[in-house]
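Trainee: Before anything else, here's the structure in question.
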Amino acid sequence: MQSCWFGDVEAGQCTPFTGDSAAYARRVREIRTSMDPFVPPDWQQAVACGVCRDRAEYLALLQKVCIAGSEQAVREQYAAKDVELLQMVRTLDEMDTVTNVLSERVADWYQIRHPSFSRKYRRTPAHVLVKSISERNRERGGGGGALGKVAAEITSLADARTALAKEVSARACDVMPNTSALIGGLVAARLLSHAGGLKELSRLPASAIQVLGARTALFAHIRTHAPSPKHGIIFQHRRVHNAPREVRGKVARVLAGKLAIAARLDYYRGCAVPVFLDDAQARIDRAGTVEGEGDKQQ
C-alpha cells in the first residue's frame, strides 16, 4: 500500500482520506514510507481517488494543506519553553548595546557644554555621568533641557534593563535548571541565545560550548594562527574568571563538559538532577585548584 497525502493506494484501488485542511496536514506529517518503491503522486491520481475534480481543484486543496501544515509548525515552534527566553535575552543584549551607545553620546554632548570637564570625564564612566545628569534633571523638575531629558530616558531604560535581567535569570532557572545551577541564570541564557535554542545547545559538544561566544578570537586563530581561545561566554562565570591563570583553561574545559551534560538533561528531562549537580560542582571545584588532579593546564 502506498500512502499519499490525499489517500491510500493499494492494488490500483484508492481509498480517499477525509477531513479538513488541518487533518490533511497532520496526515502529511505522520506518513512514513520507503523511498525505493515510492512514486510521487500527481493530480490525476487524486482525481481518480475522488478527492478533487481537476488539476485546479487539486492545486487549491494542496495549497490549503501546505498552509495548514505551516501554521501547525509555527504554533509548535512558538509553544516551546525556550522561545520566550530566547527573545528576552536577545532583548536584554540589545538594551545593553543601546544604553552604552547613548550613554557615550550624552557624555560627549555634556563635554561640549562643559569643556572644563574633559579631564575629569576621562576618569568618570559614561553611565555614572548620565545618572548624575538625570538626577539633576529630576531635582529641577524636568527643567534640565533636552540633555537632561535624554539622560533621564537612558536612566529609565537602564532600570528596565535591570528588571529584565532579573526576569531572564528567573526564567532561565525554570527552562534550564541544571545549566543555570552550574553557571547562573544570566550566563545560561546567553549560552542559549548564542546556540539558537535549548535543542541546539543540547546537541553541541563540550568543545563548542567552551568557546561559544568567542567567534572573533576563534576566526583570528584560524586565519592568523593566533592562540586559540580557551573560553567564550562561560568566562563571565566566577569559577572561570576567578580561577588562577595557570588553570583557567582547565576549569573552562571541565565546566564546558559538565554544561554539555546539563543541557542534555534540561532538554530531555526538563528538571534538576541533584546527583549530577553535586558531582559536577565537586569536579569543577577540584579543577580550580592549582594542582587540579595532578594534571596542570599545559
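Trainee: Look through 124, 99, 155 and report the one residue that is more than 32 Å from the chain's Cα centre (by Cα) and either within 28 Å of residue 188 (Cα to Cα) or not small (Gly, Ala, Ser) (or both).
Mentor: Working: 99 fails: more than 32 Å from the chain's Cα centre (by Cα); 155 fails: more than 32 Å from the chain's Cα centre (by Cα).
After ruling out the rest, the residue left standing is 124.
Trainee: Check the stretch 100-113 and report whether any residue there is more than 30 Å from residue 153 (Cα to Cα), surrounded by 14 or more Cβ atoms within 10 Å (Cβ to Cβ) and aromatic (Phe, Trp, Tyr).
Mentor: So the first thing to find is which residues in the stretch 100-113 are more than 30 Å from residue 153 (Cα to Cα), and the list is none.
So far as the stretch 100-113 goes, no, none of its residues is more than 30 Å from residue 153 (Cα to Cα), surrounded by 14 or more Cβ atoms within 10 Å (Cβ to Cβ) and aromatic (Phe, Trp, Tyr).
Trainee: Which one of 101, 89 is of a type outside the set (Asp, Glu) and farther than 30 Å from residue 123 by Cβ? Step through it out loud before you land on a result.
Mentor: Numbers: 101 fails: farther than 30 Å from residue 123 by Cβ.
89 is the lone residue from the list that is of a type outside the set (Asp, Glu) and farther than 30 Å from residue 123 by Cβ.
Trainee: I need a count of the residues in the stretch 223-249 that are over 26 Å from residue 172 (Cα atoms), out of contact with any Ser or Thr (no Cβ under 8 Å at 6 or more places or on another chain) and assigned to a helix (DSSP H, G or I).
Mentor: Within the stretch 223-249, residues that are over 26 Å from residue 172 (Cα atoms), out of contact with any Ser or Thr (no Cβ under 8 Å at 6 or more places or on another chain) and assigned to a helix (DSSP H, G or I) number 4.
Trainee: So which residues in the stretch 176-205 are under 25 Å from residue 278 (Cβ atoms), touching a residue at least 60 places away in the same chain (Cβ under 8 Å) and among the polar types (S, T, N, Q), if there are any at all?
Mentor: 178, 179, 202
Trainee: Report yes if residue 179 is open to solvent by 50 Å² or more (accessible area, probe 1.4 Å), out of contact with any Pro (no Cβ under 6 Å at 6 or more places or on another chain) and not charged (D, E, K, R), otherwise no.
Mentor: Details: open to solvent by 50 Å² or more (accessible area, probe 1.4 Å): no; out of contact with any Pro (no Cβ under 6 Å at 6 or more places or on another chain): yes; not charged (D, E, K, R): yes.
Criteria not met by residue 179.
Trainee: Let me ask you something else. Taking residue 213 and the conditions (1) modelled with pLDDT under 90; (2) surrounded by 15 or more Cβ atoms within 10 Å (Cβ to Cβ); (3) part of a helix (DSSP H, G or I), which numbered condition does it fall short on, given that it satisfies the others?
Mentor: (3)
Trainee: Does residue 124 satisfy being among the hydroxyl-bearing types (Ser, Thr, Tyr) and open to solvent by 50 Å² or more (accessible area, probe 1.4 Å)? Before you say what the answer is, go through the steps one by one.
Mentor: Values: among the hydroxyl-bearing types (Ser, Thr, Tyr): yes; open to solvent by 50 Å² or more (accessible area, probe 1.4 Å): no.
In short, no.
Trainee: Write out, first by first residue and then by second, each pair whose Cβ atoms fall under 8 Å of each other, whose residues are 6+ apart or on separate chains, and whose first residue, in the stretch 206-225, is in the same structural domain as residue 258 (by TED's automatic domain parsing) and small (Gly, Ala, Ser) while the second is open to solvent by 50 Å² or more (accessible area, probe 1.4 Å) and modelled with pLDDT of 80 or more.
Mentor: Listed by first residue and then by second, the contacts come to 206/253; 213/194.
Trainee: Also, quick follow-up: Of the conditions (1) farther than 30 Å from residue 129 by Cβ; (2) assigned to a helix (DSSP H, G or I); (3) of a type in the set (Val, Ile, Thr), residue 51 satisfies every one except a single condition; which number is it?
Mentor: For residue 51, the failing item is (2).
The values are calculated or read from the model by the stated rules, or taken from the named source; none is laboratory data. Predicted model only: the values in this text are computed from it and were never measured. Note: ideal-geometry Cβ built from the backbone for every residue, glycine included; neighbour counts use all protein chains shown. Ligands, DNA and RNA are stripped out before the accessible areas are found, and what is left, the full protein with its side chains, is counted by its heavy atoms. Shrake-Rupley method; radii C 1.70, N 1.55, O 1.52, S 1.80 Å.
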